[in-house]
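Below: one structure, written as C-alpha coordinates.
The values are calculated or read from the model by the stated rules, or taken from the named source; none is laboratory data. It should be emphasised that the depicted structure is a prediction, and the values quoted were computed from it without experimental measurement. In this analysis, Cβ positions are derived from the backbone assuming ideal geometry, glycine residues included, and neighbour counts consider all displayed protein chains.
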Amino acid sequence: MSTYVLKAARRDVGRAGALRRGGFVPGIVYGGGGENVAVKMAAADVLRFFQQQGGRGILQLEIDGRPETVMVKEVQRHPVRLDVLHIDFQRVRMTEKVHASVPLRLEGEEALVKAGAVLQHALREVEVSCLPADLPSELVVDVSSLAPGASLTVGDLQAPPGVEILNDPDQVVAVAVAGRAARTAGQAAPEAGQEAGAGAAEDAGQDAGDDAGGGDA
(Lines give C-alpha, C1' and ligand atoms only; values in the text may rest on other atoms or scores of the structure.)
Protein backbone atom coordinates (compact mmCIF):
# COMPACT_ATOMS: atom_id res chain seq x y z
CA MET A 1 0.00 0.00 0.00
CA SER A 2 1.25 3.47 -0.84
CA THR A 3 1.88 5.82 2.07
CA TYR A 4 2.59 8.79 -0.13
CA VAL A 5 1.77 12.14 1.49
CA LEU A 6 0.35 14.97 -0.62
CA LYS A 7 -0.18 18.37 0.97
CA ALA A 8 -3.36 20.33 0.26
CA ALA A 9 -5.32 23.27 1.57
CA ARG A 10 -8.97 24.24 1.59
CA ARG A 11 -10.06 26.56 -1.19
CA ASP A 12 -13.01 28.67 -2.22
CA VAL A 13 -15.31 27.07 -4.77
CA GLY A 14 -15.58 28.65 -8.22
CA ARG A 15 -12.06 30.03 -8.71
CA ALA A 16 -10.44 27.05 -10.43
CA GLY A 17 -9.07 29.06 -13.36
CA ALA A 18 -7.36 31.59 -11.12
CA LEU A 19 -5.90 28.78 -9.02
CA ARG A 20 -4.37 27.10 -12.05
CA ARG A 21 -2.84 30.35 -13.23
CA GLY A 22 -1.38 30.72 -9.76
CA GLY A 23 0.36 27.33 -9.91
CA PHE A 24 -2.24 25.20 -8.12
CA VAL A 25 -4.39 22.22 -9.05
CA PRO A 26 -7.96 22.24 -7.67
CA GLY A 27 -9.62 19.13 -6.33
CA ILE A 28 -12.39 17.80 -4.15
CA VAL A 29 -12.54 15.23 -1.36
CA TYR A 30 -15.76 13.30 -0.76
CA GLY A 31 -17.21 10.07 0.63
CA GLY A 32 -16.47 8.14 3.77
CA GLY A 33 -19.32 9.77 5.65
CA GLY A 34 -17.60 13.16 5.65
CA GLU A 35 -18.43 16.47 4.04
CA ASN A 36 -17.31 17.43 0.55
CA VAL A 37 -14.17 19.53 0.83
CA ALA A 38 -12.80 21.66 -2.01
CA VAL A 39 -9.00 21.64 -1.93
CA LYS A 40 -6.00 22.96 -3.82
CA MET A 41 -2.53 21.47 -4.24
CA ALA A 42 0.70 22.92 -5.60
CA ALA A 43 1.03 21.90 -9.26
CA ALA A 44 4.66 20.87 -8.65
CA ASP A 45 3.57 18.51 -5.85
CA VAL A 46 0.88 16.99 -8.05
CA LEU A 47 3.37 16.45 -10.87
CA ARG A 48 5.75 14.73 -8.45
CA PHE A 49 2.93 12.51 -7.17
CA PHE A 50 2.10 11.35 -10.69
CA GLN A 51 5.75 10.82 -11.59
CA GLN A 52 6.49 8.75 -8.48
CA GLN A 53 3.16 7.01 -7.84
CA GLY A 54 1.43 7.15 -11.20
CA GLY A 55 -1.48 8.99 -9.61
CA ARG A 56 -2.76 5.72 -8.15
CA GLY A 57 -3.03 3.86 -4.88
CA ILE A 58 -3.87 4.89 -1.35
CA LEU A 59 -2.31 8.08 -0.05
CA GLN A 60 -2.45 10.53 2.82
CA LEU A 61 -3.87 13.88 1.77
CA GLU A 62 -2.89 16.47 4.38
CA ILE A 63 -5.55 19.19 4.27
CA ASP A 64 -4.22 22.14 6.25
CA GLY A 65 -2.15 19.66 8.25
CA ARG A 66 -5.03 17.25 8.91
CA PRO A 67 -4.46 13.85 7.25
CA GLU A 68 -7.18 12.09 5.27
CA THR A 69 -6.75 8.58 3.86
CA VAL A 70 -7.92 8.82 0.26
CA MET A 71 -7.58 7.34 -3.20
CA VAL A 72 -7.64 9.10 -6.56
CA LYS A 73 -11.04 8.48 -8.13
CA GLU A 74 -10.93 10.70 -11.21
CA VAL A 75 -8.41 12.94 -12.95
CA GLN A 76 -9.24 15.65 -15.48
CA ARG A 77 -6.46 16.64 -17.90
CA HIS A 78 -5.96 19.33 -20.51
CA PRO A 79 -6.84 17.81 -23.91
CA VAL A 80 -3.62 19.01 -25.57
CA ARG A 81 -0.97 19.63 -22.90
CA LEU A 82 -2.27 16.79 -20.68
CA ASP A 83 -1.69 18.92 -17.58
CA VAL A 84 -3.72 17.81 -14.56
CA LEU A 85 -6.66 20.20 -14.25
CA HIS A 86 -8.66 18.67 -11.40
CA ILE A 87 -8.54 15.64 -9.09
CA ASP A 88 -11.39 13.87 -7.31
CA PHE A 89 -10.31 12.13 -4.09
CA GLN A 90 -12.47 9.55 -2.34
CA ARG A 91 -12.05 8.90 1.37
CA VAL A 92 -11.42 5.27 2.25
CA ARG A 93 -11.67 3.21 5.41
CA MET A 94 -8.94 0.63 5.88
CA THR A 95 -11.51 -1.97 6.96
CA GLU A 96 -13.76 -1.55 3.90
CA LYS A 97 -13.09 -2.83 0.39
CA VAL A 98 -12.52 -0.38 -2.44
CA HIS A 99 -12.94 -0.65 -6.20
CA ALA A 100 -10.00 0.62 -8.21
CA SER A 101 -8.29 0.38 -11.59
CA VAL A 102 -4.91 -1.37 -11.58
CA PRO A 103 -2.53 -1.21 -14.57
CA LEU A 104 -1.17 -4.36 -16.21
CA ARG A 105 2.55 -4.70 -16.95
CA LEU A 106 3.30 -7.41 -19.50
CA GLU A 107 6.72 -9.07 -19.31
CA GLY A 108 8.45 -11.58 -21.59
CA GLU A 109 7.65 -9.95 -24.91
CA GLU A 110 11.25 -10.55 -26.06
CA ALA A 111 10.62 -14.30 -26.08
CA LEU A 112 7.64 -13.81 -28.39
CA VAL A 113 9.70 -11.75 -30.80
CA LYS A 114 12.32 -14.50 -30.95
CA ALA A 115 9.54 -16.97 -31.70
CA GLY A 116 8.40 -14.81 -34.62
CA ALA A 117 5.35 -13.29 -32.94
CA VAL A 118 4.21 -9.75 -32.18
CA LEU A 119 2.30 -8.96 -28.99
CA GLN A 120 -0.88 -6.92 -29.37
CA HIS A 121 -2.18 -5.28 -26.18
CA ALA A 122 -5.96 -5.37 -25.83
CA LEU A 123 -6.34 -4.39 -22.15
CA ARG A 124 -4.12 -1.99 -20.21
CA GLU A 125 -5.75 -2.17 -16.78
CA VAL A 126 -8.28 -4.17 -14.79
CA GLU A 127 -10.86 -3.31 -12.15
CA VAL A 128 -10.27 -4.88 -8.75
CA SER A 129 -11.94 -5.09 -5.36
CA CYS A 130 -9.88 -5.38 -2.18
CA LEU A 131 -9.05 -3.80 1.14
CA PRO A 132 -6.97 -0.62 0.81
CA ALA A 133 -3.94 -2.32 2.36
CA ASP A 134 -4.05 -5.03 -0.35
CA LEU A 135 -4.39 -2.69 -3.33
CA PRO A 136 -1.50 -3.44 -5.73
CA SER A 137 0.22 -0.68 -7.69
CA GLU A 138 0.23 -2.95 -10.77
CA LEU A 139 -0.24 -6.55 -11.87
CA VAL A 140 2.75 -8.16 -13.59
CA VAL A 141 1.82 -10.67 -16.30
CA ASP A 142 4.28 -13.10 -17.93
CA VAL A 143 3.51 -13.53 -21.65
CA SER A 144 6.72 -15.33 -22.64
CA SER A 145 4.98 -18.72 -22.96
CA LEU A 146 2.29 -17.51 -25.40
CA ALA A 147 2.46 -19.35 -28.72
CA PRO A 148 1.90 -17.43 -31.98
CA GLY A 149 -1.84 -17.13 -32.45
CA ALA A 150 -2.64 -17.68 -28.76
CA SER A 151 -4.36 -15.14 -26.53
CA LEU A 152 -4.26 -14.25 -22.84
CA THR A 153 -7.54 -13.52 -21.06
CA VAL A 154 -8.47 -12.00 -17.72
CA GLY A 155 -9.20 -15.50 -16.45
CA ASP A 156 -5.52 -16.36 -16.94
CA LEU A 157 -4.34 -13.57 -14.62
CA GLN A 158 -3.10 -14.39 -11.14
CA ALA A 159 -4.44 -11.90 -8.60
CA PRO A 160 -2.54 -11.34 -5.34
CA PRO A 161 -4.08 -12.68 -2.11
CA GLY A 162 -7.09 -10.64 -1.05
CA VAL A 163 -7.58 -9.08 -4.50
CA GLU A 164 -10.56 -9.90 -6.72
CA ILE A 165 -10.48 -9.00 -10.42
CA LEU A 166 -13.90 -7.76 -11.51
CA ASN A 167 -13.49 -7.88 -15.30
CA ASP A 168 -15.15 -10.57 -17.42
CA PRO A 169 -12.83 -13.63 -17.29
CA ASP A 170 -13.17 -14.03 -21.08
CA GLN A 171 -11.99 -10.49 -21.81
CA VAL A 172 -8.81 -10.58 -23.90
CA VAL A 173 -5.70 -9.01 -22.38
CA ALA A 174 -3.20 -9.64 -25.18
CA VAL A 175 -2.76 -11.68 -28.35
CA ALA A 176 0.45 -13.14 -29.80
CA VAL A 177 0.13 -12.48 -33.52
CA ALA A 178 2.39 -14.30 -35.97
CA GLY A 179 4.96 -11.78 -37.18
CA ARG A 180 6.64 -11.39 -40.56
CA ALA A 181 9.37 -13.86 -39.66
CA ALA A 182 6.82 -16.55 -38.82
CA ARG A 183 4.81 -15.89 -41.98
CA THR A 184 7.97 -15.92 -44.12
CA ALA A 185 9.07 -19.21 -42.61
CA GLY A 186 5.65 -20.69 -43.27
CA GLN A 187 5.71 -19.58 -46.88
CA ALA A 188 9.28 -20.68 -47.56
CA ALA A 189 8.55 -24.41 -47.71
CA PRO A 190 5.70 -24.23 -50.27
CA GLU A 191 7.68 -21.83 -52.43
CA ALA A 192 10.69 -24.12 -52.33
CA GLY A 193 8.46 -27.04 -53.26
CA GLN A 194 6.95 -25.07 -56.12
CA GLU A 195 10.40 -24.12 -57.38
CA ALA A 196 11.52 -27.74 -57.16
CA GLY A 197 8.43 -28.88 -59.05
CA ALA A 198 8.91 -26.24 -61.71
CA GLY A 199 12.56 -27.18 -62.05
CA ALA A 200 11.70 -30.85 -62.37
CA ALA A 201 9.11 -30.09 -65.04
CA GLU A 202 11.60 -27.91 -66.89
CA ASP A 203 14.24 -30.65 -66.71
CA ALA A 204 11.70 -33.17 -67.94
CA GLY A 205 10.84 -30.90 -70.84
CA GLN A 206 14.48 -30.48 -71.71
CA ASP A 207 15.02 -34.24 -71.52
CA ALA A 208 12.06 -34.79 -73.81
CA GLY A 209 13.42 -32.23 -76.24
CA ASP A 210 16.83 -33.84 -76.18
CA ASP A 211 15.28 -37.24 -76.84
CA ALA A 212 13.30 -35.82 -79.74
CA GLY A 213 16.39 -34.14 -81.14
CA GLY A 214 18.35 -37.39 -80.88
CA GLY A 215 15.67 -39.22 -82.85
CA ASP A 216 15.85 -36.66 -85.67
CA ALA A 217 19.57 -37.15 -85.84
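From the list Gly14, Gly31, exactly one residue is more than 19 Å from Arg77 (Cβ to Cβ) and surrounded by 15 or more Cβ atoms within 10 Å (Cβ to Cβ). Which is it?
Working: Gly14 fails: surrounded by 15 or more Cβ atoms within 10 Å (Cβ to Cβ).
Exactly one of Gly14, Gly31 is more than 19 Å from Arg77 (Cβ to Cβ) and surrounded by 15 or more Cβ atoms within 10 Å (Cβ to Cβ), namely Gly31.
Counting just the residues of the range 49-62 that are modelled with pLDDT of 95 or more and surrounded by fewer than 20 Cβ atoms within 10 Å (Cβ to Cβ), which one comes out nearest to the chain's Cα centre (by Cα)?
Gln60
Within the range 14-28, is even one residue out of contact with any Asp or Glu (no Cβ under 9 Å at 6 or more places or on another chain), of a type in the set (Lys, Arg) and not in a helix (DSSP H, G or I)?
Taking every residue of the range 14-28 in turn, at least one turns out to be out of contact with any Asp or Glu (no Cβ under 9 Å at 6 or more places or on another chain), of a type in the set (Lys, Arg) and not in a helix (DSSP H, G or I).
Within the range 130-162, how many residues are within 20 Å of Val72 (Cβ to Cβ) and over 18 Å from the mean Cα position of the chain (by Cα)?
Of the residues in the range 130-162, 5 are within 20 Å of Val72 (Cβ to Cβ) and over 18 Å from the mean Cα position of the chain (by Cα).
Given the residues Ala115, Ala111, Ala133, Ala159, which is the only one that is small (Gly, Ala, Ser) and touching a strand residue (DSSP E or B) at 6+ places or on another chain (Cβ under 6 Å)? Quick ask: steps written out before the conclusion?
Working: Ala115 fails: touching a strand residue (DSSP E or B) at 6+ places or on another chain (Cβ under 6 Å); Ala111 fails: touching a strand residue (DSSP E or B) at 6+ places or on another chain (Cβ under 6 Å); Ala133 fails: touching a strand residue (DSSP E or B) at 6+ places or on another chain (Cβ under 6 Å).
After ruling out the rest, the residue left standing is Ala159.
Determine whether Val75 is over 24 Å from Ile28 (Cβ atoms) and either of a type in the set (Gly, Ala, Ser) or within 19 Å of the chain's Cα centre (by Cα) (or both).
Working: over 24 Å from Ile28 (Cβ atoms): no; either of a type in the set (Gly, Ala, Ser) or within 19 Å of the chain's Cα centre (by Cα) (or both): yes.
Spelling it out, it is not the case that Val75 is over 24 Å from Ile28 (Cβ atoms) and either of a type in the set (Gly, Ala, Ser) or within 19 Å of the chain's Cα centre (by Cα) (or both).
Specify which of the listed residues (Gly108, Gly116) is among the small types (Gly, Ala, Ser), farther than 30 Å from Gly22 by Cα and buried (at least 16 other Cβ atoms within 10 Å of the Cβ). Quick ask: steps written out before the conclusion?
Working: Gly108 fails: buried (at least 16 other Cβ atoms within 10 Å of the Cβ).
Within the list Gly108, Gly116, the selection yields Gly116.
Any residue in the range 89-100 that is crowded, with 18+ Cβ neighbours inside 10 Å and closer than 28 Å to Ser144 by Cβ?
yes
In the range 34-46, how many residues are within 24 Å of Pro132 (Cα to Cα) and loosely packed, with under 14 Cβ neighbours inside 10 Å?
Within the range 34-46, residues that are within 24 Å of Pro132 (Cα to Cα) and loosely packed, with under 14 Cβ neighbours inside 10 Å number 3.
When you go through Glu191, Glu125, Glu195 one by one, which is the residue that is surrounded by 10 or more Cβ atoms within 10 Å (Cβ to Cβ), among the acidic types (Asp, Glu), at pLDDT 95 or above and out of contact with any Gly (no Cβ under 8 Å at 6 or more places or on another chain)?
Selected residue: Glu125, the only one of Glu191, Glu125, Glu195 that is surrounded by 10 or more Cβ atoms within 10 Å (Cβ to Cβ), among the acidic types (Asp, Glu), at pLDDT 95 or above and out of contact with any Gly (no Cβ under 8 Å at 6 or more places or on another chain).
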